[in-house]
């Protein structure tokens, strides 16, 4: 079994050279590979000096969970085990992280919902663990296909939420996620989401740095809450539980704690800006009549629509949101300036991202915001359908 | 006219290897220098249940993901896709684009007169061939049907050569590969049929190669225009990834 005491100042326990996050993400030479999203999760975690991972199978994340298990067998991950179910997994992740481990897990759809109670607990205990979420439908009748309604349930858990567009971004984002989440002035959990199948099972080219370099280990003693050790019970504040005191002190403590968790997410902006190269990413015309605001696969589909609209002479721009929590309000306002129409294409029935966009732009934008096209239940979003929606508002020859 | 990207839809039955074929197709196209993406869609992972796979190949970056609703090419791996509607889309050619192509693995004619008229009106060419028998004759197993279909696809396209296909097949069978339980057990079945893994690869290659030649000849006979621009048209584009 690998252990922290095997590390030296230069090398981690698996013999990988410890390099700075900037070197790993931006400077190390990269080579082309052809991989699925699940495979690239293994490659990312291999380079993250991960202490612990807990898994439970559910399509479409099972292969990623399996591959992280292989990393443990190969000596790259400190410990790895299967939980009893997703509720157990997320609780065990909390335990590992409270004990000072860099911890990762993966889940999808019904698994996320089953584990729900744990996510606000994670943020409340200020653990910087990472959940790699491969979104799938959550409702009956059963579907295993991509639908990201589950993300709407996570928006107010206090966890940071980032959304990767493709296999490449999933690789880079899951590495950056640990770095940002573990900053002492942030130090809250992070959920890195992708759309299941569209990313997890899609094979495409990806540029990876060598696998003999890795992130420095997590330093739990730089945390705002000290980790469990012989002196510390899980989460120091639990030693004298406020739940026993129904008085003003209890209310005030919880209220201020909730604000603090959200402030911590806000403080992540400057780090995310650096390690993600911006909270939003814009492609297309500088000044555009039609602007698509999207995250994940929907931004990919919008880029395909942009290419077709450009051929038809329609000025167009795609604003991809890389972070959902914290929400990139100012960046969004800046990027959508001058737009006649803002379309928000989504892979869910309720339009949770549309709601977020409308809330952010309220009173600060003249643009008409249109929550279309919207597909759900695992449907794909062909570019032809996006163009049909645009044609309802913009004259296309 | 040759396009800057094409989308291939592969409706098949669970166990036929359409997912594997799509992955090899994309790997081969990537090896040839194209932008390429493959992905599967399936429900319950059981044999003979509908399973679809998709490959997109282009000289421009491919952002489109998921089910191919408007395909340029449809490859039918099993007659039941047509006769029993074991397909995610009905009829099986729903959404097919003008000047498209349908490749059908069947020992009998499956198209009705109405189907033929609709496809002819869209100038869609149809290649029907018993690729399962073809696979049995060359590789000695029906499990190589997917390789025959794959070879036929590239034979028709003409811009992705046999060395790239070989690379795709080797990449799939020689590298450590992670798949679902169903695929892993099928891998083990097919590996047992051959003494060595290299025999398996050789037989697969021979099957794909023979189907390649057959389909290339057919494309010439029916006067099929080139469907995809050759890889010399590939232009590198900044696709805005986190890292440049």
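Annotations for the structure displayed:
- Fluctuation leader among B:41, B:154, B:134 - chain B, Gaussian network, Cα springs under 10 angstrom: B:41
- Mean separation of Cα contacts under 8 Å, 6 or more apart, over the residue count of segment A:1-89: relative contact order %: 30
- Largest-first ellipsoid semi-axes for chain A, taking √(5λ) over the Cα gyration tensor eigenvalues, angstrom: 35, 25, 20
- Within chain A, percent of DSSP bridges classed antiparallel, to nearest 5: 30
- Folded to 0 to 90 degrees: helix A:297-311 orientation relative to chain A principal axis, Cα: 30
- Antiparallel %, DSSP beta bridges [both residues in segment A:4-221], to 5: 25
- Look at the stretch A:34-47: the mean tally of other chain Cβ atoms within 10 Å of its residues' Cβ atoms is 2.
- Whole-Å semi-axes of the ellipsoid equivalent to segment B:5-223 (Cα gyration tensor, √5λ, descending): 25, 19, 18
- Applying 1/(1 + (r/R0)^6) with R0 = 60 Å to the Cβ-Cβ distance of residue A:311 and residue A:87 gives a FRET efficiency near 0.75.
- Contact order, relative form, for chain A: 17 percent (alpha carbon pairs under 8 Å, 6 or more residues apart, mean separation divided by residue count).
- Taking all pairs of distinct alpha-carbon atoms in segment A:4-221, Kirkwood radius in angstrom: 16.9
- For residue B:70 and residue B:174, a Förster radius of 35 Å and the Cβ-Cβ distance give a FRET efficiency of 0.50, rounded to the nearest 0.05.
- Helical contribution to [θ] at 222 nm, DSSP H n ≥ 4, -39,500 (n - 2.57), averaged over the protein assembly as shown, rounded to 500: -11500 deg cm²/dmol
- Averaging 1/r over each pair of different alpha-carbon atoms in segment A:170-219 and inverting the result gives 13.0 Å, the Kirkwood hydrodynamic radius.
- If R0 equals 41 Å, the separation of the Cβ atoms of residue A:384 and residue A:73 corresponds to a calculated FRET efficiency of about 0.35.
- In segment A:208-362, the DSSP beta bridges split such that about 40 percent are antiparallel, to the nearest 5.
- Applying 0.36 nm per residue to the separation of residue A:33 and residue A:259 and subtracting their alpha-carbon distance, the gain on full extension is 77.1 nm.
- Length gained when the stretch residue A:4-residue A:334 is fully extended (0.36 nm per residue, less Cα-Cα span): 114.3 nm
- Relative protection proxy for A:266-273, A:55-62, from highest mean packing down: A:55-62, A:266-273 (other beta-carbon atoms within 10 angstrom).
- Per residue, the convex hull spanned by the Cα atoms of segment A:281-391 measures out at 88 cubic angstrom.
- Approximate spin-label separation residue A:252-residue A:274, in nm, with each point projected 7 Å along Cα-to-Cβ: 3.6
- As a length-normalised measure over Cα pairs under 8 Å and 6 or more apart, the relative contact order of segment A:281-391 settles at 30 percent.
- Under the simplified labelling scheme, the residue B:2-residue A:156 pair shows an inter-label distance of 5.7 nm, with each label point 7 Å from Cα along Cα→Cβ.
- Taking A:322, A:102, A:307 as the candidate residues, the one with maximal mean-square fluctuation in a Gaussian network model of chain A, Cα springs under 10 Å, is A:307.
- Computed from Cα atoms, the angle from the helix A:352-361 axis to the main principal axis of chain A rounds to 80 degrees.
- Taking a point 7 Å out from the Cα of residue A:26 in the direction of its Cβ, the residues of segment A:191-232 whose backbone N falls within less than 20 Å of it are A:207-210, A:213-217.
Quick note: the coordinates plus some simple rules give every number you see, no bench work behind them. From a predicted model like this one, the values you see are computed outputs, not experimental measurements. Methodologically, a virtual Cβ is constructed for each residue, glycine included, from the backbone with ideal geometry; neighbour enumeration extends over all protein chains shown.
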